[in-house]
1. Within the stretch 69-78, identify whether any single residue is acidic (Asp, Glu), in contact (Cβ under 8 Å) with a residue 24 or more places away in the chain and surrounded by 15 or more Cβ atoms within 10 Å (Cβ to Cβ), and answer yes or no.
2. Filter the stretch 48-94 down to the residues that are in contact with a Phe, Trp or Tyr (Cβ under 7 Å, 6 or more places away or on another chain) and of a type in the set (Ser, Thr, Tyr) and list them by number.
3. Among the candidates Arg57, Arg11, which residue alone is open to solvent by 70 Å² or more (accessible area, probe 1.4 Å) and either at positive phi or assigned to a helix (DSSP H, G or I) (or both)?
4. Any residue at all in the stretch 16-37 that is part of a helix (DSSP H, G or I), β-branched (Val, Ile, Thr) and either in contact with a helix residue (DSSP H, G or I) (Cβ under 7 Å, 6 or more places away or on another chain) or open to solvent by 40 Å² or more (accessible area, probe 1.4 Å) (or both)?
5. What's the total number of residues in the stretch 60-82 that are part of a helix (DSSP H, G or I) and over 13 Å from Gln25 (Cβ atoms)?
6. So which residues in the stretch 83-118 are within 16 Å of Ala59 (Cα to Cα), outside any helix (DSSP H, G or I) and of a type in the set (Ser, Thr, Tyr)?
7. For the stretch 100-122, name all the residues that are over 16 Å from the mean Cα position of the chain (by Cα) and modelled with pLDDT of 95 or more.
8. Answer with yes or no whether Arg85 is at pLDDT below 95, in contact with a helix residue (DSSP H, G or I) (Cβ under 7 Å, 6 or more places away or on another chain) and surrounded by 14 or more Cβ atoms within 10 Å (Cβ to Cβ).
Amino acid sequence: RDGQKGYEFGRKYLREIWDNAPLLQALAQAVLEEDGLVLRDLSFALEAGRRANELTRPADPALLRLLAQICDQRGDSAAAVQHMRSAIDASAGAPPEQLAELKALLQEYESHGKPASRGTSE
């Protein structure tokens, strides 16, 4: 229930799993999606996700998609778009419905970075 203490523990755990991409990815995903969290430290999630991505070769489309989600929620549309494009590139040979879903998310993230159009009255 205490978000600050939870992330203190999380930072210690992060150091313990620093070279384990699947656990880092799971940690980032939990911060992003776990029900009942009082505090969502997106910088913490991004740190875990970025490290997992560094360790993952070849690139993992699911991890890149997660990074895009985190960046989008942080308000960094440019980074979200970049990660989604990388996820699409890494998904060569994926089923068409999976690629369509990734492309739809890319369009969504691209629209977040565009200024709202303002109507003009004459």
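The values are calculated or read from the model by the stated rules, or taken from the named source; none is laboratory data. The shown structure was predicted, so the numbers you read here are calculated from the model rather than taken from an experiment. Heads up, the Cβs are rebuilt from the backbone with ideal geometry, glycines too, and the neighbour counts pull from every protein chain shown. Accessible surface is based on the protein model in full, side chains and every heavy atom, while ligands, DNA and RNA are left aside. Shrake-Rupley method; radii C 1.70, N 1.55, O 1.52, S 1.80 Å.
1. Just the residues of the stretch 69-78 that are acidic (Asp, Glu), to begin with: 72, 76.
With the extra rule that they be in contact (Cβ under 8 Å) with a residue 24 or more places away in the chain, the set shrinks to 72.
Then drop every residue that is not surrounded by 15 or more Cβ atoms within 10 Å (Cβ to Cβ), which leaves 72.
Within the stretch 69-78, one or more residues are acidic (Asp, Glu), in contact (Cβ under 8 Å) with a residue 24 or more places away in the chain and surrounded by 15 or more Cβ atoms within 10 Å (Cβ to Cβ).
2. As a first pass, look at the stretch 48-94 and keep what is in contact with a Phe, Trp or Tyr (Cβ under 7 Å, 6 or more places away or on another chain): 51, 68, 72, 77, 80-81, 84.
Listed by number, the list holds a single entry, Ser77.
3. Details: Arg57 fails: either at positive phi or assigned to a helix (DSSP H, G or I) (or both).
Step by step, each of Arg57, Arg11 is checked, and only Arg11 is open to solvent by 70 Å² or more (accessible area, probe 1.4 Å) and either at positive phi or assigned to a helix (DSSP H, G or I) (or both).
4. Filtering the stretch 16-37 down to residues part of a helix (DSSP H, G or I) leaves 16, 21-33.
Narrowing the set further to residues that are β-branched (Val, Ile, Thr) leaves 31.
Add one more test, that the residue is either in contact with a helix residue (DSSP H, G or I) (Cβ under 7 Å, 6 or more places away or on another chain) or open to solvent by 40 Å² or more (accessible area, probe 1.4 Å) (or both), and what stays is 31.
Looking through the stretch 16-37, at least one residue is part of a helix (DSSP H, G or I), β-branched (Val, Ile, Thr) and either in contact with a helix residue (DSSP H, G or I) (Cβ under 7 Å, 6 or more places away or on another chain) or open to solvent by 40 Å² or more (accessible area, probe 1.4 Å) (or both).
5. Looking only at the stretch 60-82, we keep the residues that are part of a helix (DSSP H, G or I), and these are 61-73, 77-82.
Still in the running and over 13 Å from Gln25 (Cβ atoms): 68, 71-73, 77-82.
Count: 10.
6. Ser91
7. Selection gives Ala100 alone.
8. no
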